[in-house]
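Asker: My structure is below; once you've seen it, I'll send some questions.
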Amino acid sequence: MHVIQPAPVRKAVTVRADQERAFDIFVSAMGDWWLKSHSLTTSGQKTVVVEPFAGGRWYEIGNSGEEKQWGRVLACERPRRILFAWQLNADWVFDPDFRTEVEVTFEPTTDGGTMVLLEHRDIGNYGDKASEARAALDSEGGWAGLLAAFAAKAA
């Protein structure tokens, strides 16, 4: 039986920041814009950390200091692109054997801003929960809301 892969989640936002600043806010300041409600810690999210190099970790730090891994950086080409391995399974638990990919590109616009394009792919890896996971990732509570928070921070 052939299983149809769910379409990737694709989102785009244009920010009034040059390419380098947009990249740096997205990557280095992720803890400043990531929605605090989107936390895996029991104490609440203090910050989010991206180690901006291939093999780097992507994780959050809770208010009480605990760390919760989200995935890792597969590629980092400042200021054009970052590629993450998203390793949160359909139960929103880190699983080192699970992986989808989140690629974010930063394209300069003619007015000095930056178009930020996000693609979350390999959603079929969620198996029976792929449709449910895709709906959550594609919602206002998912990447749409997160990119809106990023755009507000970059403004």
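Just so it is clear, none of the values below were taken in a lab; they were calculated from the coordinates. Predicted model only: the values in this text are computed from it and were never measured. Here the Cβ positions follow ideal geometry from the backbone for every residue, glycine too, while neighbour counts run over all protein chains shown.
Asker: Which of the residues belonging to segment 112-122 are of a type outside the set (S, T, N, Q) and either in contact with a strand residue (DSSP E or B) (Cβ under 6 Å, 6 or more places away or on another chain) or under 15 Å from V93 (Cα atoms) (or both)?
Answerer: G113, M115, V116, L117, L118, E119, H120, R121, D122
Asker: Is at least one residue of segment 67-84 small (G, A, S) and over 14 Å from the mean Cα position of the chain (by Cα)? Explain how you work it out, then say what you get.
Answerer: First, the residues of segment 67-84 that are small (G, A, S): 71, 75.
Going one step further and asking which of them are over 14 Å from the mean Cα position of the chain (by Cα), we end up with none.
No.
Asker: Moving on. What pairs come out if I take residues in segment 140-155 that are closer than 13 Å to L117 by Cα and pair them with residues that are of a type in the set (G, A, S) and assigned to a helix (DSSP H, G or I) whose C-beta lies under 9 Å away, six or more apart or interchain?
Answerer: Hits for this filter: F150/A22.
Asker: Still on this structure: Take segment 101-112 and flag every residue that is more than 12 Å from the chain's Cα centre (by Cα) and either surrounded by 19 or more Cβ atoms within 10 Å (Cβ to Cβ) or acidic (D, E) (or both). Steps first, answer last, please.
Answerer: If we filter segment 101-112 for residues that are more than 12 Å from the chain's Cα centre (by Cα), which is where we start, we get 106-112.
Residues satisfying the conditions are F106, E107, D111.
Asker: Next up: Please state which one of R21, R10 is exposed (fewer than 15 other Cβ atoms within 10 Å of the Cβ), touching a residue at least 60 places away in the same chain (Cβ under 8 Å) and out of contact with any Gly (no Cβ under 8 Å at 6 or more places or on another chain).
Answerer: Numbers: R21 fails: exposed (fewer than 15 other Cβ atoms within 10 Å of the Cβ).
The unique qualifying residue is R10.
Asker: Of the residues D95, D111, D128, which is closer than 25 Å to R57 by Cβ and acidic (D, E)? I'd like the intermediate steps shown before the answer.
Answerer: Details: D111 fails: closer than 25 Å to R57 by Cβ; D128 fails: closer than 25 Å to R57 by Cβ.
From the options D95, D111, D128, the qualifying one is D95.
Asker: Let me ask something else. Only residues that are surrounded by fewer than 15 Cβ atoms within 10 Å (Cβ to Cβ) and in contact (Cβ under 8 Å) with a residue 12 or more places away in the chain: list them for segment 130-139, please.
Answerer: S131, E132, listed by residue number.
Asker: Consider R78 against the criteria (1) touching a helix residue (DSSP H, G or I) at 6+ places or on another chain (Cβ under 7 Å); (2) under 22 Å from A136 (Cβ atoms): it satisfies all of them except one. Which criterion is unmet?
Answerer: For R78, the failing item is (2).
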